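Visitor: Input: one structure, supplied below.
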Amino acid sequence: MSKTIAILTGGGDCPGLNAVIRGVVRSAVGRHGWRVIGIEDGFEGLVGTPRWRELDLTAVRGILPRGGTIIGTSNRGNPFAYPVEVDGKIALTDISDQVLESFHQLGADVLIAVGGDGTLKIAQGLFEKGLPVIGVPKTIDNDLQATDVTFGYRTAVAIVTEALDRLHTTAESHHRVMLVEVMGRDAGWIALESGIAGSADAILIPEIPFSLADLCQTIEKRAASGSRFSIVVVAEGAFAADGEKSLLKSAGDNLGVERLGGIGQQVGTALADRLELETRVVTLGHLQRGGSPTPYDRILASRFGVKAVELIDQQRFGEMVALKGRDVIGVAIASAVARLNRVDPADELVTTARHLGIMVSRIEK
Ligand code: F6P
């Protein structure tokens with residue numbers, strides 16, 4: 001039987017979103033003869049009159065290597081907490097019934113929600129209200145449970161690794177300490193893996209509160225042994241054992257997540273006060289999310305798109321596609337959003353980094 005699939009991409013963009021869209025369209029339209037429409041700008045496109053576009057085979061031509069998302073995305077538009085003006089004041093209001101009404105106006109049978117923790121929680125909420133939903137996990141942060149990895153993550157790690165390679169040469173020439181703040185929210189995956197791949201001297205991750213004294217000792221020891229430069233990777237969610245997370249002033253967005261940033265500069269200033277060496281801070285920011293996905297992410301995102309269509313064919317609503325070992329499978333969306341996937345301080349990657357001589361948040365006693 002013919003079906004109409006609506007797809008949206010929500011939350012922060014990441015490399016590989018277009019590969020998912022292409023995978024869905026090629027499989028649904030090309031193989032099953034179904035119809036696919038794209039809702040614009042995430043759930044925001046379902047607030048009020050729906051905003052959408054037809055996604056036929058021509059619409060997805062040439063988008064596999066393109067970063068971003070051709071249907072747009074948004075960190076706003078949470079239907080369960082939407083800012084509505086009431087008596088001159090903004091109140092977060094549940095407008096999910098109205099969003100469901102907009103969805104039904106489209107005449108679509110099922111929604112594919114491609115997103116991270118925030119977007120998938122909304123998808124789960126709408127599923128519990130009766131909407132047939134399939135989830136696809138995306139985020140450069142790799143902080144979602146129930147999948148071995150999210151697409152976009154490996155591209156971010158590649159971008160940071162290249163930046164670390166470049167920063168090494170200038171740090172060494174000027175005998176400087178370079179602090180590189182990277183994204184990842186409350187998960188230290190990007191910092192940890194790019195720090196190992198890019199040969200950092202210290203990596204500060206949110207899962208292990210760091211010691212400034214240990215960091216100074218590590219850098220001074222290197223200088224004493226003749227390496228008068230150091231590379232320190234700082235996850236944006238890292239904090240000192242006696243400190244707090246660094247939040248940007250405009251904390252929080254409509255998907256219910258706080259905005260982190262600034263810890264790199266804070267640590268840089270503290271080091272400059274304590275060490276003889278010159279210090280510089282680089283915040284890589286949204287560079288980590290932009291541009292073309294790596295081949296790994298193109299393949300993973302394509303597999304996720306194709307699997308999402310297969311789950312629809314099998315009517316397995318409320319499930320999310322996930323990578324488990326070599327297989328792409330379906331798992332309950334609820335199991336993916338129950339808690340975040342963060343680095344276990346006892347993880348083999350942490351031990352490996354330490355055995356390589358990299359300080360991970362503290363000196364191992
Ligand atoms: O979740 C992806 C992410 O890039 C985080 O690593 C980062 O903290 C956040 O989004 C930045 O969000 P925004 O694009 O709203 O600045």
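Coordinate-derived values only; no laboratory data. It should be emphasised that the depicted structure is a prediction, and the values quoted were computed from it without experimental measurement. Please note: Cβ atoms are built from the backbone with ideal geometry, for glycine as well, and neighbour counts cover all protein chains shown.
Visitor: If we sort 117-123, 43-49 on the protection proxy, mean other Cβ atoms within 10 Å, highest first, what's the order?
Guide: Packing proxy ranking, top to bottom: 117-123, 43-49.
Visitor: Using a simple charge model, +1 on the beta-carbon of Lys and Arg, -1 on the beta-carbon of Asp and Glu, nothing else, what dipole does region 133-216 show about its Cα centre, in debye to the nearest 20?
Guide: 220
Visitor: Just the number, please: percent antiparallel of the DSSP beta bridges in the chain, rounded to the nearest 5.
Guide: 35
Visitor: Please list, by residue number, every one of the trypsin sites (Lys or Arg not before Pro) in region 1-79 that is coil in DSSP and has at most 13 other beta-carbon atoms within 10 Å.
Guide: Hits after loop and neighbour filter: 61.
Visitor: Continuing with the same structure: Could you pull out every one of the lysines with an alpha carbon less than 29 Å from that of residue 324, ignoring same-chain neighbours closer than 8 positions?
Guide: Here the lysines satisfying the reach criterion relative to residue 324 are 3, 121, 129, 138, 307.
Visitor: Please give me, ordered by residue number, the GluC sites (Glu not before Pro) of region 149-217 that lie in loop per DSSP and have at most 12 other Cβ atoms within 10 Å.
Guide: Passing both the DSSP loop test and the Cβ count: no residue.
Visitor: Taking the Cα centre as origin and putting +1 on Lys and Arg beta-carbons and -1 on Asp and Glu beta-carbons, what dipole magnitude results for the chain, to the nearest 20 debye?
Guide: In total the dipole reaches around 900 debye.
Visitor: On to the next question. Can you tell me how much longer the chain between residue 129 and residue 314 gets when fully stretched, taken as 0.36 nm per residue apart minus their C-alpha distance, in nm with one decimal?
Guide: Full extension from residue 129 to residue 314 adds 64.6 nm.
Visitor: At a Förster radius of 51 Å, what calculated FRET efficiency corresponds to the Cβ-Cβ distance of residue 56 and residue 349, to the nearest 0.05?
Guide: 0.75
Visitor: Select from region 291-337 those trypsin sites (Lys or Arg not before Pro) which occupy a DSSP coil region and have at most 10 other Cβ atoms within 10 Å, ordered by residue number.
Guide: Answer in residue order: 326.
Visitor: How many angstrom separate the Cα center of region 312-365 from the Cα center of region 65-84?
Guide: 24
Visitor: Tell me, in nm to one decimal, what length is gained between residue 169 and residue 242 on full extension, where the rule is 0.36 nm per residue of separation less the Cα-Cα distance?
Guide: The span from residue 169 to residue 242 would gain 23.0 nm if fully extended.
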